[in-house]
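Derivation of every value follows stated rules applied to the coordinates shown; laboratory data play no part. Note that this is a predicted model, so its numbers are computed, not measured. Every residue, glycine as well, gets a Cβ built from its backbone with ideal geometry; the counts of neighbours run over all protein chains shown.
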2 protein chains.
Amino acid sequence: MLSIGEMARRTGVKVPTIRYYEQMGLIEEAERSEGNQRRYTRRDLERLTFIRHARDLGFEIDMIRELIALNQHPEAPCENADRIAAVHLSGVREKIEKLKKLEHELERIVSHCDGGHRIEDCYVIRALSDHGLCDHEH
Amino acid sequence: MLSIGEMARRTGVKVPTIRYYEQMGLIEEAERSEGNQRRYTRRDLERLTFIRHARDLGFEIDMIRELIALNQHPEAPCENADRIAAVHLSGVREKIEKLKKLEHELERIVSHCDGGHRIEDCYVIRALSDHGLCDHEH
DNA sequence: CGTAAAGCTCTAGTGTCTAGAGATATTATG
DNA sequence: CATAATATCTCTAGACACTAGAGCTTTACG
């Protein structure tokens, strides 16, 4: 049986975060020691590793809850898991696209300003005040 | 003089958000009508447009506060504005890099799964359970 | 057995809004 | 001018995914 600190060390999930996941229903309430401290099984460790990994990949708590639920039915077809991951992937791609546009806009703004003049002439400030100086919509 | 609703329509910032910005000190407390409703000037509109635009470009509230402060000193040199924007730009680039790694990981995971088999064999689920199936560190 | 480290619960805070309740103000229509 | 519809007011709480701290108890180790 593992203490919560052991779990934290092995998964890289911080102790308060583990308790938070329990509250959120991502992990089951652990057994307790005589003195009321949480004691985890190997299965709990696997579950937390799964969660950690999914969070690293940017899955939201709700998505993870769904994936866990799917995981409990090993004989079910896996279309749903596939769909969740695919939806997530397209969300990530959208974010990348948005950030790239933003990157270009900022590059353009910054490149016009070498820091060598006064605020009233600064392209950074002017670009923020006047949408007309932008390339794209946003 | 513009009502808060007018301001919202013209800038695309929602009404409660405008009040929130006031609370956060991003915009000055507006004058009030006899019946205690906010009344804004053209200058307030410009300020809110600036904020909106900066938020769209992903600047955080604190950065915007700094930029506004700079904007109040038109004769000062603009190095600081330039620096803030440049720091922000490199933050955006980092985010893009991270998301791209994530994209590749997800692509790889999803491409292994066509939804046509059972959960117990599903690559999506297995990849989440077993870090060893990943390409990169994360 | 004494102490330090780790654990417990509970509350509150982070950042950027968003939503709702219940009251008042303004505007439009008849 | 009366009424109805819309807008606005303040205040509180909620969303997300944690994080921090207070004050107390349990466990591990020498």
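Structure values in brief
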read-out: Filter result (within 12 Å of DNA strand D (Cβ to nearest atom) and either among the hydrophobic types (A, V, I, L, M, F, W, C) or within 14 Å of another protein chain (Cβ to nearest Cβ) (or both)) within segment A:1-10; value: A:Met1, A:Leu2, A:Ile4, A:Ala8
read-out: Count of segment B:9-18 residues which are within 7 Å of DNA strand C (Cβ to nearest atom) and charged (D, E, K, R); value: 1
read-out: Any hit, segment B:13-21, residues being of a type in the set (Lys, Arg) and without any contact (Cβ under 8 Å) to a residue 12 or more places away in the chain; value: yes
read-out: All positions within segment A:37-80 that are aliphatic (A, V, I, L, M) and either within 16 Å of DNA strand C (Cβ to nearest atom) or within 26 Å of B:Leu102 (Cβ to Cβ) (or both); value: A:Leu45, A:Leu48, A:Ile51, A:Ala54, A:Leu57, A:Ile61, A:Met63, A:Ile64, A:Leu67, A:Ile68, A:Ala69, A:Leu70
read-out: Test: A:Arg39 is within 13 Å of DNA strand D (Cβ to nearest atom), touching a residue at least 12 places away in the same chain (Cβ under 8 Å) and part of a strand (DSSP E or B); value: yes
read-out: Considering residues of segment B:1-15 that are in a helix (DSSP H, G or I) and under 23 Å from B:Gln72 (Cβ atoms) only, the residue nearest to the chain's Cα centre (by Cα); value: B:Thr11
read-out: Flag if A:Val87 is more than 8 Å from chain B (Cβ to nearest Cβ) and farther than 20 Å from B:Arg118 by Cβ; value: yes
read-out: Extreme residue, nearest to the other protein chains (Cβ to nearest Cβ), among residues of segment A:48-78 that are among the charged types (D, E, K, R) and within 22 Å of A:Lys95 (Cα to Cα); value: A:Asp56
read-out: Meets criteria (buried (at least 18 other Cβ atoms within 10 Å of the Cβ) and more than 7 Å from chain A (Cβ to nearest Cβ)) for B:Ile119; value: no
read-out: Subset tally (residues that are surrounded by fewer than 14 Cβ atoms within 10 Å (Cβ to Cβ) and either part of a helix (DSSP H, G or I) or of a type in the set (Ser, Thr, Tyr) (or both)) for segment B:59-90; value: 4
read-out: Count - residues of segment A:16-36 that are in a helix (DSSP H, G or I), loosely packed, with under 12 Cβ neighbours inside 10 Å and more than 6 Å from DNA strand D (Cβ to nearest atom); value: 1
